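Report on the following structure.
Computed from the coordinates by the stated procedures, all read-outs in this text should not be read as laboratory data. Keep in mind that what you see is a predicted model, and the values were worked out from it rather than measured. For neighbour counting, all protein chains shown are included, and Cβ atoms are generated from backbone atoms with ideal geometry for every residue, glycine included.
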Amino acid sequence: MKRFIAFALFAGLALPAQAAHPEAKVDCKAAGDKYVYDCMIRLSQDGKPLTGVEVTVGADMPTMPMAHSVKPAKAKPGKDPGMYHVRIELEMHGEWALKLQLSGAVRDLIVVKQQFGDEGSGHAGQKMQMK
Amino acid sequence: MDEYTIGVLTNIGLFSFIALSAYLLLLAGELSFGQQAFFGIGAYVGGIGTALLGWPLPLAALAAMAAGAAAQTLVGLPTLRLRGLYFAMATLAAAEMIRIVLELIHFQRVVDGALVGPDGTQGFRGIRWIFEHGIEPAAFLALVWSLLACVVLLLAWIERSRLGAVVRMVGEDPELAAVLGIDVGRLKLGVAAVAGALAALGGVLFAHVNTYVEPRNFDIMLGVHSLAYALIGGLGTVFGPLLGVALDIGALESTRLFHGYRMIVFGGVVALILVWRPRGLLDERAVDWLGRRLWRRTP
């Protein structure tokens, strides 16, 4: 039993860790319909565009992570390396935490907070125009 | 199973811990609006353990549970003297104080070239243990539900023991329990400590599956939902809160056609259930009825 507990406690130490963390920049524009946005995602790792990954984008409102959440949508690769495009439909304006789930060549989860308004998105904390 | 289903099932598992935490206090006769604070403490302590101190997740989870239990005991020492709504208000105030303290914590350092750690209102990024250790979403789901199964079985066993009967007695009639020689204060404090540890366990798992948490994740909305889980599911059995979470998250996911108004629809459904069955769907009568039917069918 003691051996089992010791193994369970320290199992993680023996496994290799990844070196560099992927980074993401997101820019969303209103797509026309209310609360629908077209988002461009720029992924990079070690300063270079990150390619060959599948990107699934979900979103949560920070004050209620599960009540106001968006069903994840798959992003399509854009023209330039490291660029991905996705259309998301939110439930309301305000601050959302976009969750970029990476799979394939790199597996990771990147959280980007954005403030959504009538025109599109900006960094969380930045005031957006809202009707 | 697709990733979306795995995500929903993981959420049901994670929020079951905080639901069980609220349920335990309800059994002991206390209505807490503050369990989200201990969920948050678990998330932060567990995150600091793995992301900043390099601990393995099981060790960080144990530390988080100890911190959750200690914090709820500290909150319980003065507040458990209060009754009913006064206790509920005191737990809400304590939870808000803890959330504001989390907003004041700035403790970051560079790990693998990135700033990691709590950064006040900007939250705590870089809790990447499960990604760094190649744990797939399905494996993490299995871990969450295995831990939940252990907790539920333990609580179900306790409920059938003398201790379980004593906790229910204290919840129903603390004066009578005191007359019978039960140390009501100490028992409630013990229940509170276990409830804090359970909420913290949910929090540490929540932080690791999301890689990012912020103090606003742990505000009153989560507290209200955790209480609603236990009240909707029912106070007759430990499986009640699990049913409550499944109904809550299931209802939220299935009412997406209502868009931003689905919380209003959901609120109405909750109100109707509580008018129809004030002690939840699996209340003591329902559990008794189910038990007798199952017992009769057993040869």
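Inverting the mean 1/r over all pairs of different Cα atoms, compute the Kirkwood radius of the stretch A:21-120 and quote it in Å. Taking the inverse mean of 1/r over all distinct Cα pairs, the stretch A:21-120 comes out at 13.5 Å.
Hey, quick one: spin label on B:GLU103, modelled 7 Å out along Cα-Cβ, who in the stretch B:223-253 has an amide N within reach, i.e. under 11 Å? The answer is none, because no backbone nitrogen lies closer than 11 Å to the label point.
So how much slack lies between B:VAL269 and B:LEU154, counting 0.36 nm per residue of separation and subtracting their Cα-Cα distance, in nm?
Working: separation 115, 0.36 × 115 = 41.40 nm, distance 3.12 nm.
Here the answer is 38.3 nm.
Taking the Cβ-Cβ separation of A:ASP80 and B:ALA93 as r and a Förster radius of 51 Å, what is the calculated FRET efficiency to the nearest 0.05? Rounded to the nearest 0.05, the efficiency is 0.45.
Residue-wise HN-Hα couplings along the stretch B:3-9, as the Karplus relation 6.51 cos²θ - 1.76 cosθ + 1.60 with θ = phi - 60° gives them from phi, are 5, 5, 4, 4, x, 5, 5 Hz; Gly and Pro carry x.
What is the extension gain from B:GLN122 to B:LEU77, computed as 0.36 nm multiplied by their sequence separation minus the C-alpha to C-alpha distance, in nm to one decimal? Working shown, then result.
Details: separation 45, 0.36 × 45 = 16.20 nm, distance 3.16 nm.
Using 0.36 nm per residue and subtracting the Cα-Cα distance, I get 13.0 nm.
No disulfide-compatible partner, judged by a Cβ distance under 4.7 Å, exists for the following cysteines of the protein assembly as shown: B:CYS150. The alpha carbon centroids of the stretch B:155-185 and the stretch B:88-154 are separated by 33 Å. Any idea which of A:MET92, A:HIS21, A:TYR35 is furthest toward the positive side of the dipole for the stretch A:21-120, if Lys and Arg beta-carbons carry +1 and Asp and Glu beta-carbons -1? The residue sitting most towards the positive pole is A:HIS21. Projected label points at B:VAL166 and B:LEU53, each 7 Å from Cα along the beta carbon direction, are separated by 3.2 nanometres.
This model, with +1 at the C-beta of Lys and Arg and -1 at the C-beta of Asp and Glu, gives chain B a dipole about its Cα centre of some 740 debye. If R0 is 51 Å, the Cβ-Cβ spacing of B:ALA114 and B:GLU175 corresponds to a FRET efficiency of close to 0.35. When each of A:MET83, B:MET97 is scored by the number of other beta-carbon atoms lying within 10 Å, the sequence from fewest to most is B:MET97, A:MET83.
When B:ILE220, B:ILE41 are sorted by how many other C-beta atoms sit within 10 angstrom of their C-beta, beginning with the fewest, the order is B:ILE220, B:ILE41. Computed 3J(HN,Hα) for the stretch B:205-216, one whole-Hz value per residue from the Karplus formula 6.51 cos²θ - 1.76 cosθ + 1.60 where θ = phi - 60°, is 5, 4, 4, 6, 6, 9, 6, 8, 9, 9, x, 5, glycine and proline marked x. Using θ = phi - 60° in the Karplus curve 6.51 cos²θ - 1.76 cosθ + 1.60, the 3J(HN,Hα) couplings for the stretch B:49-63 round to x, 7, 7, 9, 9, x, 6, x, 4, x, 5, 4, 5, 5, 4 Hz; x is entered for Gly and Pro. Computed extension length for B:ALA142-B:THR5: 48.0 nm, one decimal, from 0.36 nm per residue of separation with the Cα-Cα distance subtracted.
Pairs of Cα atoms nearer than 8 Å and 6+ residues apart set the relative contact order; for chain B it is 31 percent. Could you work out how far the C-alpha centroid of the stretch A:55-117 sits from that of the stretch B:47-62, in angstrom? When both Cα centres are located, 27 Å separates them.
Using the beta-carbon distance between A:LYS71 and A:ASP38 and R0 = 25 Å, what value does 1/(1 + (r/R0)^6) give for FRET efficiency, to the nearest 0.05? Walk me through the intermediate numbers first.
Values: r = 17 Å, r/R0 = 0.67.
Here the calculated transfer efficiency is 0.90.
Would you please classify the overall shape of the stretch B:1-160 from the alpha carbon gyration tensor, given that a ≥ b ≥ c denote the square roots of the eigenvalues, rounded means a/c under 1.5, and beyond that prolate means a/b larger than b/c while oblate covers the rest? Verdict is oblate for the stretch B:1-160.
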